[in-house]
Amino acid sequence: MTTKTADEALGYEQARDELIDVVRRLETGGTSLEESLALWERGEELAKVCRRWLDGARARLDAALAQDGADDADGGDAGDADEE
């Protein structure tokens, strides 16, 4: 499906901004039932894209914090010598 491939290429900010637009359009109303359902479905897909980006960012942050903790457990970091 082309939309799935296109969604995977979306950056977080792009997906978030499009999701905000979808929500505004749904809240404003004035759309047919069919268009409202299509907007809802698009919003769900965009929310999934955002969630994947946020989950990935959380995993990277956790890995960096774990690495920092491992470095500290190995005897501190090299920057400590400059502080004396």
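Each label point was placed 7 Å from the Cα along the Cα-to-Cβ direction; for LEU61 and ASP17 their separation is 2.3 nm. In order along the stretch 24-40, the Karplus-derived 3J(HN,Hα) couplings, from 6.51 cos²θ - 1.76 cosθ + 1.60 at θ = phi - 60°, round to 4, 5, 5, 5, 5, x, x, 9, 5, 4, 4, 5, 4, 5, 5, 5, 4 Hz, and Gly and Pro are given as x. Note on exposure: LEU26, LEU65, LEU33, LEU39 ranked by accessible area (1.4 Å probe, complete protein assembly) read LEU33, LEU65, LEU26, LEU39, with the most exposed listed first.
The values are calculated or read from the model by the stated rules, or taken from the named source; none is laboratory data. In this text, all values refer to a predicted model and were calculated from it rather than measured experimentally. Please note: Cβ atoms are built from the backbone with ideal geometry, for glycine as well, and neighbour counts cover all protein chains shown. Surface areas here come from the heavy atoms of the whole protein model, side chains and all, with no ligands, DNA or RNA. Shrake-Rupley method; radii C 1.70, N 1.55, O 1.52, S 1.80 Å.
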